[in-house]
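Please read the structure below before turning to the comments.
Read the figures in this text as sums done on the coordinates, not as results from a lab. Note that the structure is predicted; figures quoted are calculated from it, not measured. Because the Cβ atoms are built from the backbone with ideal geometry, glycine has one as well, and the counts that use them run over all protein chains shown.
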Amino acid sequence: MRWNTSDMPREKKEFFIFLAVTYGLTFLMAIPMAVLFQMGKDIALFPTAQMLYPAAGLMLAKLLCEREDSLCPKTFFAGFLILTGLAVLWCFSGFFLPEEISLGGSQILMIGGSIVVGILYLGEGKEKQRAYGLKSQNWGRSVGILLLFVALTYGGSAVFSLITVGPAGLEGFLSPDTFRVFLSLPLSFVLSFSCFLGEEYGWRCYFQPLLQRKFGLIKGVFLFGVLWEFWHLPLVFCYYSPMTESMSLVQQLLSRYAINVLMAVFMAYAYGKTHNVWLPVLIHFTNNTLVGAGETDGGTITWAMLGLLVLIKMVSYLPLLRSKVFRAERETPMEVETP
């Protein structure tokens with residue numbers, strides 16, 4: 001992605017456009033989401049649509065501020081913005097359509113949208129992809145880091161179940177259902193990748209590096225983690241918390257903040273080691289897909305259990321802060337090849 005640090009007015013304009021879409025639209029959409037929730041309607045499309053906002057904010061900023069750049073992947077950006085707009089509009093279908101039609105339409109929209117967006121992405125060519133931080137690269141190292149994440153996540157969940165439930169808690173990790181989840185990952189990713197690209201392109205390619213440049217490589221990541229979870233708050237209150245009967249709202253808020261800040265460390269490490277935006281996309285997808293895979297229902301979550309979960313994440317991710325990714329100062333918020 002091209003950056004002109006001497007052109008501060010443009011940089012600030014891009015930043016405010018990004019914030020307006022990413023955070024402004026998120027909290028505006030919290031109003032109809034809360035109304036539909038109080039009406040007892042299914043609001044599953046709202047989290048999906050919200051995942052598109054960070055990339056949409058960055059893409060809109062680039063289209064408005066860098067439209068003269070011949071390397072700007074305008075067709076791909078425009079297609080992604082159209083998908084985002086359609087997702088936002090379809091969120092309101094719950095007010096007018098039967099629930100089964102609203103939910104079915106949302107699935108068709110996101111699956112079809114991912115396919116179309118994927119075709120538009122491939123059609124832009126490697127030069128445009130590289131210029132705007134979208135090029136697929138460094139897959140040898142990327143695969144190793146992805147496998148490390150799976151091992152840490154799945155292994156951590158197994159340890160948590162073993163301590164809190166006992167040996168019986170490990171049975172689910174070897175069940176046929178768990179293996180089916182793993183086997184379904186490739187197809188599931190193809191049909192839903194636009195949502196995860198929607199977050200990671202905005203977060204990892206723009207906002208996180210921007211904060212690291214201003215506040216330092218480590219402080220910037222922790223600040224990003226706090227702001228990342230803040231962005232989730234409307235979903236926590238209206239969607240995640242009502243679905244989670246095993247813990248209180250306070251427990252969920254504190255544990256989510258701690259875990260997402262730690263998760264930001266791993267994501268920053270992954271992107272810093274590879275400069276491949278598709279690695280964080282895959283990590284995010286894998287994390288969301290594997291949440292709960294193999295775990296046995298342990299009943300009510302206690303504060304001690306939450307403390308153990310956070311401790312496992314700390315042991316898994318914090319040692320990465322000693323890597324060169326968090327010690328080598330960078331001149332730009334992104335280290336990608338430029339033409």
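Given Cα pairs under 8 Å that are at least 6 residues apart, what percent is the relative contact order of the chain?
Once divided by the residue count of the chain, the mean separation gives 24 percent.
Can you figure out the FRET efficiency of Phe189 with Thr300, using R₀ = 56 Å and their beta-carbon distance, to the nearest 0.05?
0.95
In whole Hz and in residue order, list the ³J(HN,Hα) couplings for the range 41-53 that follow from phi through the Karplus curve 6.51 cos²θ - 1.76 cosθ + 1.60, θ = phi - 60°; x for Gly and Pro.
Per-residue couplings from phi come out as 8, 6, 10, 5, 6, 4, x, 5, 5, 4, 5, 7, 5 Hz.
Can you give the alpha-carbon Rg of the chain over 2.2 N^0.38 Å, where N counts its residues?
Computed over Cα atoms of the chain, the ratio equals 0.99.
So for each of 242-253, 312-323 I average, over its residues, the number of other beta carbons within 10 Å; can you give me the resulting order with the highest mean first?
Taking the mean over residues of other Cβ atoms within 10 Å, the ranking is 312-323, 242-253.
Between the DSSP loop rule and a limit of at most 13 other Cβ atoms within 10 Å, which GluC sites (Glu not before Pro) in the range 42-138 are left?
Sparse-neighbourhood loop GluC sites (Glu not before Pro): Glu68.
Please identify every one of the chymotrypsin sites (Phe, Trp or Tyr not before Pro) in the range 3-105 that sits in a loop by DSSP and has no more than 11 other beta carbons within 10 Å of its own beta carbon.
Answer in residue order: Phe96.
Report, by chain and number, residues whose modeled amide H sits under 5 Å from the one on Met247, excluding near sequence neighbours (fewer than 5 apart, same chain).
Result for Met247 returns Ile301.
List the lysines whose Cα sits under 26 Å from the Cα of Lys324, skipping any in the same chain fewer than 8 residues away.
The reachable lysines, counting only those whose Cα sits under 26 Å from Lys324, are Lys135, Lys214, Lys219, Lys273, Lys313.
May I ask you to derive the relative contact order of the range 1-111, considering only C-alpha pairs under 8 Å and at least 6 residues apart, and to give it as an integer percent?
Here the relative contact order equals 30 percent.
Which of the trypsin sites (Lys or Arg not before Pro) found in the range 37-92 are in a DSSP loop and have at most 12 neighbouring Cβ atoms, other than their own, within 10 Å?
Arg67
Quick one: what are the phi-derived ³J(HN,Hα) couplings along the range 269-281, Karplus 6.51/-1.76/1.60 with θ = phi - 60°, whole Hz, x for glycine and proline?
Per residue, the Karplus-derived 3J(HN,Hα) values read 4, 4, 6, x, 7, 10, 6, 10, 4, 6, 5, x, 4 Hz.
From the backbone phi of the range 76-93, what are the Karplus-calculated ³J(HN,Hα) couplings (6.51 cos²θ - 1.76 cosθ + 1.60, θ = phi - 60°) in whole Hz, Gly and Pro given as x?
Karplus values, whole Hz, x for Gly and Pro: 5, 4, 4, x, 5, 5, 5, 4, 4, x, 5, 5, 4, 5, 5, 4, 7, 5.
Can you tell me the length gained on complete extension of the stretch Leu64 to Leu89, counting 0.36 nm per residue apart and subtracting the Cα distance?
In short, 6.8 nm is gained.
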